[in-house]
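Peer 1: Quick one: this structure, given as structure tokens, is what I'll be asking you about.
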Amino acid sequence: MDLGIKGKSALVCASSKGLGRGCALALAREGVHVTLVARGAEALEKTAAEIRAATGVTVITVAADIVTAAGRAAALAACPQPDILVNNAGGPPPGDFRNWSRDDWLAALDANMLAPIEMIKATVDPMIARKFGRIVNITSGAVKMPIDVLGLSTSARLGLTGFVAGLSRKTVAHNVTINNLLPGFHDTDRVKSVVGGQAKQRGVSYEQALAERIATIPAGRIGDAEEFGAACAWLCSTQAGFITGQNWLIDGGAYSGTF
Ligand code: NAP
């Protein structure tokens, strides 16, 4: 299926590794020119080289922290008017809410709610003027299935989800859609470190902790970043212009509700 986005430009935040990288690669495979943002330059340049070699599209890199105003300004200077925006950043740490300070809450809101809203604010009106735009926010399955220890993540992402629910109904008349992708359990560095931490805490092997987690997924396996990226690319397709304000779980069936 030709997604109809060849030659368009995408700004993909937090994309040197993991799910963001998967989205950038999938978009590049469709002929989209991508601007990658991450803090660490080494992994960023490695990923950029791999995407260039695999696809031949133009890949621009911005070594910056997307959670800061300066980082966002650098990203937008490199790609001022993207056709496609993928919002992503690292997730807040797990913990007990009794230990979370006001600063912990503000950091989570900055990273997982306010940074994506600022990026949308900077890019959505030019998309509306050009009558094409696709915005995808990487949130979390925890938005639909909250987990107490991930309260910082869930709360901040729900704030973004509520905001998007309203705005996305305004932009769609201009062929600008805004949707959220909700990852379940995908094989990325973050997940490896989370599972490793849990294994250590419980005194079991990494393999055992991973197998126990996978046993809760109807698909019987962990997801990978490339299939997550493929879903993102499709949501960014010309064919997906009638889909907006949705929260799409990519979780191998882990969420068991009817809706
Ligand atoms: P990952 O493998 O750790 O990759 C994170 C990527 O984001 C890296 O490229 C990292 O590069 C970049 N990054 C992090 N903070 C950044 C910042 N402030 N500014 C710019 N770039 C930044 O993580 P992941 O598993 O792909 O997760 C991506 C998001 O999905 C996270 O918010 C995570 O909480 C959420 N999520 C993931 C899963 C899962 O199963 N993987 C499940 C639910 C939710 P630098 O560190 O060099 O900046």
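Peer 1: Please find, within segment 1-21, the residue that is surrounded by the fewest Cβ atoms within 10 Å (Cβ to Cβ) out of those that are farther than 15 Å from residue 57 by Cα and within 15 Å of the ligand (Cβ to nearest atom).
Peer 2: Here the residue is 17.
Peer 1: Quick one: residue 81 ticks every box in (1) among the polar types (S, T, N, Q); (2) surrounded by fewer than 19 Cβ atoms within 10 Å (Cβ to Cβ); (3) within 26 Å of residue 191 (Cα to Cα) except a single one, so which number is it?
Peer 2: Every condition holds for residue 81 apart from (3).
Peer 1: Can you give me the ranges of the helices (runs of 4 or more DSSP H) entirely in segment 126-225 with at least 1 residues that are under 25 Å from residue 103 (Cα atoms) and either at pLDDT below 95 or within 16 Å of the ligand (Cβ to nearest atom) (or both)?
Peer 2: Ranges flagged: 151-171, 189-202.
Peer 1: Take the residues in segment 92-103 that are surrounded by fewer than 22 Cβ atoms within 10 Å (Cβ to Cβ) and within 11 Å of the ligand (Cβ to nearest atom); name whichever of them is nearest to the chain's Cα centre (by Cα). Before you say what the answer is, go through the steps one by one.
Peer 2: Residues of segment 92-103 surrounded by fewer than 22 Cβ atoms within 10 Å (Cβ to Cβ): 93-103.
Keeping just the survivors that are within 11 Å of the ligand (Cβ to nearest atom) gives 93-94.
Values: 93: 17, 94: 18 Å.
Filtering first and then ranking leaves 93.
Peer 1: Is it the case that segment 74-89 has a residue that's in a helix (DSSP H, G or I), over 28 Å from residue 249 (Cα atoms), in contact with a Ser or Thr (Cβ under 6 Å, 6 or more places away or on another chain) and in contact (Cβ under 8 Å) with a residue 12 or more places away in the chain?
Peer 2: First pass over segment 74-89, keeping only residues in a helix (DSSP H, G or I): 74-78.
Among the residues that remain, those that are also over 28 Å from residue 249 (Cα atoms) are: 74, 76-78.
Still in the list and also in contact with a Ser or Thr (Cβ under 6 Å, 6 or more places away or on another chain): 78.
Okay, now just the ones that are also in contact (Cβ under 8 Å) with a residue 12 or more places away in the chain, so 78.
Checked against the condition, which is being in a helix (DSSP H, G or I), over 28 Å from residue 249 (Cα atoms), in contact with a Ser or Thr (Cβ under 6 Å, 6 or more places away or on another chain) and in contact (Cβ under 8 Å) with a residue 12 or more places away in the chain, segment 74-89 yields at least one hit.
Peer 1: Being within 24 Å of residue 8 (Cβ to Cβ) and crowded, with 19+ Cβ neighbours inside 10 Å is the filter here; which residues of segment 45-70 pass it? Spell out the reasoning first.
Peer 2: Our first condition is that a residue be within 24 Å of residue 8 (Cβ to Cβ); within segment 45-70, this holds for 45, 47-64, 66.
Passing the criteria: 47, 48, 51, 55, 57, 59, 61, 62, 64, 66.
The values are calculated or read from the model by the stated rules, or taken from the named source; none is laboratory data. Because the structure is a prediction, the values reported are computed rather than measured. For neighbour counting, all protein chains shown are included, and Cβ atoms are generated from backbone atoms with ideal geometry for every residue, glycine included.
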